[in-house]
Amino acid sequence: MTGHLEIQRLADLSDDELVAAYAPRSGPWLRVNFVSTVDGAATGSDGLSKSINDDADGRVFDALRSRADCLVVAAGTLRDEGYDVPRLPLVVVTRSGDVPPKLRDAPPGRILMATVATADGLAEARHVLGEGNVMVLGEEEIDLAALKAQLADRGWDEQLCEGGPSLFADLLAAGVVDELCWTVVPRLLGGDGPRIATGADVDVALRPVLLLEQDGTLLGRWLVE
């Protein structure tokens, strides 16, 4: 409902109710999921987001993944966070064409790539992942609108992006983000840690539609206006 914000305790929702609470409003639907501290740090002092998340964030993280048809993640975030091969298709977004080492032995078709024609690693990526799993979406810059459309053409209407901050800003600049799922953990870190969106200069209006709370952690659903 327009203008309606639903506020609930996370503990009051069953797993099925939680998954249903994140149903998309239309399709294809690209949502981005981030966690930060109250002062906006998107990582802990070790440079990793996993060092600031908690049980509440983990529960919503799992619910979002259970809904998703595919994951979209920047190659740098995959390397920094030490991603293993997930149960659902993972799209690596990279202008270099490098396949992160931990993903090179994934089952065929589990790892895809979005890259550019000038990528140094393009030929090797095609060899490692298979020609049909490497999407060339521009000469020097990745066409993110084309990425969203091509994933939908594969039948992947619920697309979940898990970062990083530069990719999020680029997706916002491209006008392809439908929703931000944002967890705020009750901590202050200070320092010069990254925000959830960095790089591209964007100004995007959001509308909150769901706010969950557990032990001081706030978990929000924000729709892009």
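Taking the stretch 194-225 on its own, how many of its residues are in contact with a Ser or Thr (Cβ under 6 Å, 6 or more places away or on another chain) and part of a strand (DSSP E or B)?
The total comes to 1.
Filter the stretch 87-107 down to residues that are free of Cβ contacts under 8 Å to residues at least 24 places away in the same chain and outside any helix (DSSP H, G or I) and give me whichever is surrounded by the most Cβ atoms within 10 Å (Cβ to Cβ).
92
Does the stretch 30-42 contain any residue that is surrounded by fewer than 18 Cβ atoms within 10 Å (Cβ to Cβ) and under 22 Å from residue 102 (Cα atoms)? If you could, list the steps in order and put the result at the bottom.
In the first step, residues of the stretch 30-42 are kept if they are surrounded by fewer than 18 Cβ atoms within 10 Å (Cβ to Cβ); the result is 38-40.
Add one more test, that the residue is under 22 Å from residue 102 (Cα atoms), and what stays is none.
The answer is no; no qualifying residue exists.
Out of the stretch 20-59, which residues are in contact with a helix residue (DSSP H, G or I) (Cβ under 7 Å, 6 or more places away or on another chain) and β-branched (Val, Ile, Thr)?
If the condition is that a residue be in contact with a helix residue (DSSP H, G or I) (Cβ under 7 Å, 6 or more places away or on another chain) and β-branched (Val, Ile, Thr), then 32, 35, 43 are the ones that fit.
Among the residues of the stretch 65-82, which ones are surrounded by 19 or more Cβ atoms within 10 Å (Cβ to Cβ) and either assigned to a loop (DSSP other than H, G, I, E, B) or out of contact with any Gly (no Cβ under 8 Å at 6 or more places or on another chain) (or both)?
Listed by number, the residues that qualify are 68, 70, 71, 72, 75, 78.
Since every read-out is calculated from the coordinates, none of them should be taken as a lab result. Everything quoted here is computed from the prediction, not taken from an experiment. Here the Cβ is made from the backbone with ideal geometry for all residues, glycine too, and neighbour counts use every protein chain on show.
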